[in-house]
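The values are calculated or read from the model by the stated rules, or taken from the named source; none is laboratory data. Small disclaimer: the values here were computed from a predicted structure and weren't measured. Here the Cβ positions follow ideal geometry from the backbone for every residue, glycine too, while neighbour counts run over all protein chains shown. These area figures cover heavy atoms from the full protein model, side chains too; ligands, DNA and RNA do not enter into them. Shrake-Rupley method; radii C 1.70, N 1.55, O 1.52, S 1.80 Å.
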Amino acid sequence: MWNKYFFTLTGITKKFLPAIMAFTGALFITAFVVWAFSLHGTSGLFHVNGIFHTIFILLFISIGILLALGISYICFSSRLKPLTYRLFTIVTITFALPNLIAPPLTYAYTSGYFSGSIGDTPPQLIMTAASGVYGLPNLALTFNSAQPTCNTIVWGTTENSISITEEKSSRQHVFILHDLQPSTSYTYRINNGSSSSFTTPSADGVLHFAVCSDAHFGAGNNHSDLTAAMLQSIANPANHYNLLFSLGDLVDYGFSASQWHEAFSAFSATTSSIPALFALGNHDSVFTGINLYKEYAHPADIGVANHSQLWHRIDIGKIHFLVLDIEWSAESYTPVQAAWLEAQLKDIPVDDWKIVMGHGFYYSSGSTKTGWDWFDNPETINSLTPLFEKYGVDIVFSGHNHQMELLQHNGVTYVICGAFGGRPNQIRDYTSPASLWYQHEQYGFVDVSLSGNQCSITFRDNEYQALKTLTIEKK
C-alpha cells in the first residue's frame, strides 16, 4: 500500500513539477521580502532610493506572476495540445528557476553570510553617554580580535595608573576609562604593546572638535586616500582637536564586516588618540548592517542610556551634543526617540550650547536623484525643526548629501558636511532659501571651536585649507 501511495505521489510531483517550482519561487521571494522589511532601514531604502524601490516592486510583481503560472499550470496544462503544453512548461520553469536561486543567494549576501568576522581591528576611543565625576564623558577603549583572547590594559596619568584584565576570552574587547580629569594627558597600553596617549578637553566651555560624514569605505568610487589625509590632519597634535564626530555612511554596505574592518583600521590612526562617536547612516544600517554598527561602532558594553545604541547625549560642561538616528529621511525617527529628544532639550539649561548631530539632513540645497528630492526635506523639517527652534538649538550638523553647505533658518545654523571621501553629489539644481554658502565637488570636513559664548565653524578641504568660516554667538 505504501509503495502505491509513494508512486502516486511521485507521479503527481513529476506531473506538476513546474507548478511546484513556481509556488516555491513565490514562497522564497515572499520570505525574502518579509525578512527585508522586518529590518531596521529597509522602509527608508524603499521610500527614498528609486532603484531599490523599483527592485522591490518587481519582486512583488514576480510573486503574482509565479502564483498565476502555478495555478494556471495545475488548472489548464492537461487540456493543452502537446506543443502548447511543452511551451507552457518551458515558460513556467524558465521563470521559476531564477526565482528559486536568487532569493536564497541574495539573503546570504545581504545578511552578511559571506562577510565573515571583522577580524583584528586596532584600538579606538569611543565617547560614552555616561559622565564621570569631573563632568567629562567616560571613554570606551574598544578593539576586536580574530580569535577569542583575554587582554590586560594599563591606563592613567604619569602619577597614577590602573590595570584592568578581562574576565574571559572574547573577540570583542571593551574597557571603560572613567572619571577623566579635564585638560589632562593620559596614556594606555594593551598587554605589552606600545603606549598610546590622549588629552582630555577642558570643562570650562572651551572645546575644539571635528565633524565629518560619508567616507563610504568599500564603495569603489570613494577616495580613501583623501579620507586618510584628513584623518591625519585631525590627529596632528599641532591642530589640538579634542573630539571627532563621524555622522554616518562610514561604510558603503553595512552588512559587510570587511568594510567595517577597513574603516576602523583607517580611522584608528586618529581615534586611538582623539575620542570619537559614530552616528548611524543609511548605508551603515542597510539590511543587517545595524547589527554590525551596534557591535563594532557602539557596543552595548560601553553603557547605553535608555536602552538605545542609536542615539546619544554627550555632555562636556555647558556644551551638550545630541546625536540622533536620522538615516534616509524621517523613517527612523520613532516616537521613542522623539520623546527622548524633547526630554533632553528640556533638561539642558537655556544658556548652555545645544548641538544636534545625525546623518540625515533638514535644510539643504541639492537635486533630484533616484526619484527623490535630495534637498530641503519636508519630512525631517516638519518632524524635528520645530523642536530645534522651540528649545533654542544652536547648531545642527548633518551628512547624507555629499557636499559642504552652511545654512541658517529661524535662528538655527545648519551644517552639511558629507564630503569625507564618498563620491560628491552632482551639482545642485535647487538652492535652499536658507543657504549661506555651498561647495560642490570638494572633499573636506568641519572644524569647530567653542569658547564661552562664541563658536567658530570652519570648513576645511582635504589639504586642511580653510574654505569658509562662520562665527556665531550664543544669545
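Per-structure values
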{"item": "Of the criteria (1) farther than 25 Å from residue 379 by Cβ; (2) modelled with pLDDT of 90 or more, which one residue 79 fails", "result": "(2)"}
{"item": "Residues that are part of a loop (DSSP other than H, G, I, E, B), open to solvent by 20 Å² or more (accessible area, probe 1.4 Å) and in contact (Cβ under 8 Å) with a residue 24 or more places away in the chain, drawn from segment 32-46", "result": "39, 40"}
{"item": "Residue ID - farthest from residue 19 (Cα to Cα), chosen from residues in segment 73-89 that are assigned to a helix (DSSP H, G or I) and of a type in the set (A, V, I, L, M)", "result": "83"}
{"item": "Residue match in segment 233-241 (condition: crowded, with 19+ Cβ neighbours inside 10 Å and modelled with pLDDT under 95)", "result": "no"}
{"item": "Unique match (being in contact (Cβ under 8 Å) with a residue 24 or more places away in the chain, within 24 Å of residue 252 (Cβ to Cβ) and open to solvent by less than 40 Å² (accessible area, probe 1.4 Å)) among 49, 99", "result": "49"}
{"item": "Options 19, 26: the member that is more than 30 Å from residue 375 (Cα to Cα), surrounded by 12 or more Cβ atoms within 10 Å (Cβ to Cβ), modelled with pLDDT under 90 and of a type outside the set (Val, Ile, Thr)", "result": "19"}
{"item": "Answer residue from segment 427-460, given it is of a type in the set (D, E, K, R) and buried (at least 18 other Cβ atoms within 10 Å of the Cβ) and is nearest to residue 412 (Cα to Cα) among those", "result": "447"}
{"item": "Residue count for segment 271-291, restricted to those that are buried (at least 23 other Cβ atoms within 10 Å of the Cβ), part of a helix (DSSP H, G or I) and more than 9 Å from the chain's Cα centre (by Cα)", "result": "1"}
{"item": "Filter result for residue 255 (within 14 Å of the chain's Cα centre (by Cα) and in a strand (DSSP E or B))", "result": "no"}
{"item": "Strands (runs of 3 or more DSSP E) contained entirely in segment 121-210, each with at least 3 residues that are under 24 Å from the mean Cα position of the chain (by Cα)", "result": "121-131, 137-149, 170-177"}
{"item": "Test for residue 474: is it farther than 23 Å from residue 372 by Cβ, surrounded by 15 or more Cβ atoms within 10 Å (Cβ to Cβ), among the basic types (Lys, Arg) and in contact with a strand residue (DSSP E or B) (Cβ under 6 Å, 6 or more places away or on another chain)", "result": "no"}
